[in-house]
C-alpha cells in the first residue's frame, strides 16, 4: 500500500513539473507585461529597467529555474497588476470559488441523481422525455448565455436577485463566507445554478444509463423474485450499485468545477480564483497565471491521488495484487 | 407586555435605520476595471488616476471645460526663465489630520522622481524644489518649461510624515517581493476618504467633512461605492436593475437601450483620444508586402491614396453606429493646437486614389499586413475589417492581424509593424505631447519611421518657448507640415458614453474620468 501511494505521489510530482513547464513556456506568447505596467509616457530606459528587475531578459530556462526554486518554497512573487502577494491573493479568493463549487455541486447532485433514477425507471413516461429534452439545453447552451439569460430574468425583469457580485459575506478569520446571511445566499444562487447546469445534465444521464444497465442484471431480477417492494429494489439495490462510477466522475468534476468556473465567475463578477485568472490573462500578469495553473494542477493531481487511493480501499482485487 | 416592548423596540430600530438610510446619499457605480493600486505614483493608468483623484489632489487640476484650475495650489506663475512658483492653499489637512505644507510638495515630487515611480516623465524637467516658506514652493526646471502646470494635473500630493511612518517613501518596487502599505491604504487631502478597499471587489469612499472645499462643495454625496464588473452585459444589467446608479463604460451599442428605460439616461462627448493608422515609411522594404526592394509607404502619393480610399462616414454609420467624430488630424478637440481647418479630411474618392497609386508606380496595388488590437479601442477590429474591404477596392490587398493589445503594442514599440492602428490620448492637453511621442523622429511611439528635421526642430523649440503667441505659431506650422506629409491616416475622435440614473447629476468629461466632487444625487 505504501509503495503504491509513494509511486502515485512521485507520478503526481512529475505531472506538476510538466504542467508548470508547459504553462511557463506559453507565457512567452501572451504578450509583453511591461506595456501594461507603465504608462504610455514611459521611456525605453524605464521599460528596460523593469524588464531587468523582473528578469524578463533572461533566457527561458533561467526564468523557469528561478520560478521553480521559488515555487517549491511557496513563493510566487508579486502580482504585476495589483502589486500584491500572489499567494495571499489566491488564498483570499479561494473561499469564493470553493463555496460556489460546493453549492453548485449540491444542486447538481440534488437534481441529477433523483431525476436520473426517475428517468431510468420510468423510461417511457412523458415526464422522462421532457426532462431529457430540457437537460440537453444544459449541455448545449454555453455557460455565458445561460448566465446572462438568468441575470436578465431574475435581476433585470423580476428584480428578485442581485445581478452580480458577492455581497453579504461574513469574515470568519480569513475565510469570507456567503452562507451566513440572506444576502450571501441571494447572490450565490444564480452563479451556482449556472455552473451546475452542465453537471446536472451529466449526472442525470450517467445515473440513468447506469440504472438502465443495472435494472437488467440478474440480482435485480432475483430481488424482484424474492418479492421485495419496488422502492427497496430501486433504491437499496439498484441505485447503490450505480453510485460507484457516479462518485468517480463527480470527484473528477469537482476539480473541473474549481478550475473552470472562470466563465461563470466572469459573467457574475464572482470574486473567485477564476475571475482572477481571466484578469491576469488580460494584463499578462505572469506570476498570477503561473501560480494559478500550478494550483489547478495540484487540485487535479490531489483528486486523482485520492481517487486512486479510494479504489485501493474499495476494490479488494487491487489490494490482493499488492498494487500494480 | 414584554413582547410588545420588544416589538416596539424592533419597529423603532427599523424606522431609525430607514431614516438614516434615506438621509445618506450613496452613489453606487461600476466600470470594467478597478484601480490597480491606491499608491498615486505607482501606476499611470486611467482608472487608477481616476480613483486616486477622488482621494488625493494635485496642485493644479482641471475644471469641467478641461481648463487649468487651482487645487492645492492657489496660484502659480513662472519665475525667471527656468522655474515656476506655486502658492499653496492654507489650512489644508490630510485625512489623518496632518497639515499640508511645502515639505509635502517637495517630498511628493521627489517620490515621483524615484526609480519605481510611473510619473517620472511628468516631473523630469524639475531639477529642484525650493521651499520658500511653508506655503510657497519654487520648481527649478532644467530649461524653460511653459507647460509644467499642464503636466502635473495627475500628480497627487502625499503626506511626508505618513509616508515615513508607513515606510512608503518610494512607490512599490517589483523586485521587493512584498506589498507596501500604500497599495491598499491612502491618506490624501481630497473630498473622499477610503473606508474600505477590497481590490477588484469593492471600494467604499466616504465624504471628507474637513475637506478644504467642503464649504463650497458642489456634491451632496455621503458615500461612494465602487464595484468593478468585467463583463459588459452584466454591467449594463446592473444598471438596468437599479443596482448601480452609474456605469462608466457601457458598450456604445447599448446606449440607446439604456436611454430608453425609465429612470435612466445617457451622456456622450468626444473623448480626448483619436484613432488612426500608422505606416512604416522609414524602412527600405516592408516586411509583409509583395513589393520587394522598395517601400511603397515612402511615397506620399501612396499614403494619400490610402487616406482617400477610406470612407470614414461609412465607418461612422455602419461600424460605430453614429458614435464617432471623423478626424483629419491625430489629436482631438480640446487639445491646444487643434483647429477645425486642420481637422478637415480630404474627400473620400477611390478613383483619385487609384490614379495616385498608378502615378506612384503601383497601378495594380500591392499587399501589406495591417496590425490591429482587438481589445483596446471602440470596435477596433471591426474598423480594421471595414478598412481592409475599402482598400481592396483600390487594389491594395490587406491581410488583417487583429490581436490582443498586450501583443499589439510591442509590435509598434519594437518597430516591426508595417501598417498599424493606434489611438492617442493627451493628458497634458497640449500638442507637444503628440509631437514628442508620435511625430518626433525619436518619439517613443513613433512607429512610422517618419523623420523630418524641421518637425524635430519645431517640436524641440515649442517645448521650451515661453512666448505663447510665438509658440502657437510654431505648433500650427508643425501641424501643417505633418498634415501635408500624410504621416498618419486619421480615422476619428472616439466618443465616450456614460449611463446613469436620472437621479444622478454628474458632468461627463472628455478624459473619461468622473469627478464625484461635482456629483449630485436627488
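The values are calculated or read from the model by the stated rules, or taken from the named source; none is laboratory data. Everything quoted here is computed from the prediction, not taken from an experiment. Reconstructed Cβ throughout: ideal geometry from the backbone, glycine too, with neighbour counts over all protein chains shown.
Just a few scattered comments:
- Taking segment B:152-268 and the strands (runs of 3 or more DSSP E) fully enclosed by it, the elements with 2 or more residues that are surrounded by 18 or more Cβ atoms within 10 Å (Cβ to Cβ) and either more than 14 Å from chain A (Cβ to nearest Cβ) or more than 26 Å from the chain's Cα centre (by Cα) (or both) are at B:192-198, B:202-207.
- Residues of segment A:9-34 that turn out to be over 19 Å from residue B:41 (Cβ atoms), assigned to a helix (DSSP H, G or I) and within 14 Å of chain B (Cβ to nearest Cβ), as a count: 5
- Only listed residue being within 28 Å of residue B:217 (Cβ to Cβ), in contact with a strand residue (DSSP E or B) (Cβ under 6 Å, 6 or more places away or on another chain), surrounded by fewer than 19 Cβ atoms within 10 Å (Cβ to Cβ) and in the same structural domain as residue B:29 (by TED's automatic domain parsing), chosen from B:69, B:103: B:69
- Filter result for residue B:455 (more than 30 Å from residue B:143 (Cα to Cα), at pLDDT 95 or above and in contact with a helix residue (DSSP H, G or I) (Cβ under 7 Å, 6 or more places away or on another chain)): no
- Leading residue by the ranking (surrounded by the most Cβ atoms within 10 Å (Cβ to Cβ)) among those in segment B:414-438 that are free of Cβ contacts under 8 Å to residues at least 60 places away in the same chain and closer than 21 Å to residue B:373 by Cα: B:437
- Here residue A:40 fulfils each of the conditions (1) over 16 Å from residue A:289 (Cα atoms); (2) more than 14 Å from every other protein chain (Cβ to nearest Cβ); (3) at pLDDT below 90 apart from (2).
- Residues in segment A:149-196 that are in contact (Cβ under 8 Å) with a residue 60 or more places away in the chain, touching a helix residue (DSSP H, G or I) at 6+ places or on another chain (Cβ under 6 Å) and part of a helix (DSSP H, G or I): A:151, A:188, A:190, A:191, A:192, A:194, A:195, A:196.
- Among (1) in contact (Cβ under 8 Å) with a residue 40 or more places away in the chain; (2) in a helix (DSSP H, G or I); (3) more than 13 Å from chain B (Cβ to nearest Cβ) - the single one residue A:134 does not satisfy: (1)
- Residues (outside any helix (DSSP H, G or I), under 24 Å from the mean Cα position of the chain (by Cα) and buried (at least 19 other Cβ atoms within 10 Å of the Cβ)) located in segment A:71-130: A:76, A:79, A:85
- Among the residues of segment B:129-147, those that are in contact with a helix residue (DSSP H, G or I) (Cβ under 9 Å, 6 or more places away or on another chain) and either part of a strand (DSSP E or B) or within 14 Å of chain A (Cβ to nearest Cβ) (or both) comprise B:129, B:130, B:131, B:132, B:133, B:136, B:137, B:139, B:141, B:147.
- Check on residue A:25, more than 20 Å from residue B:36 (Cβ to Cβ), in contact with a helix residue (DSSP H, G or I) (Cβ under 9 Å, 6 or more places away or on another chain), surrounded by fewer than 15 Cβ atoms within 10 Å (Cβ to Cβ) and in contact (Cβ under 8 Å) with a residue 24 or more places away in the chain: yes
- Criterion: touching a helix residue (DSSP H, G or I) at 6+ places or on another chain (Cβ under 8 Å) and within 30 Å of residue B:230 (Cβ to Cβ) - qualifying residue of B:255, B:240: B:240
- Being under 19 Å from residue A:280 (Cβ atoms), at pLDDT 85 or above and surrounded by 14 or more Cβ atoms within 10 Å (Cβ to Cβ) is not true of residue A:49.
- Count - residues of segment B:106-126 that are crowded, with 19+ Cβ neighbours inside 10 Å, outside any strand (DSSP E or B) and touching a residue at least 12 places away in the same chain (Cβ under 8 Å): 12
- Qualifying residue in segment B:34-51 (condition: surrounded by 14 or more Cβ atoms within 10 Å (Cβ to Cβ), more than 14 Å from every other protein chain (Cβ to nearest Cβ) and either under 17 Å from residue B:139 (Cβ atoms) or at pLDDT 95 or above (or both)): no
- Taken over segment A:265-311, the criterion of being farther than 25 Å from residue A:169 by Cα and not in a helix (DSSP H, G or I) is satisfied by A:284, A:285.
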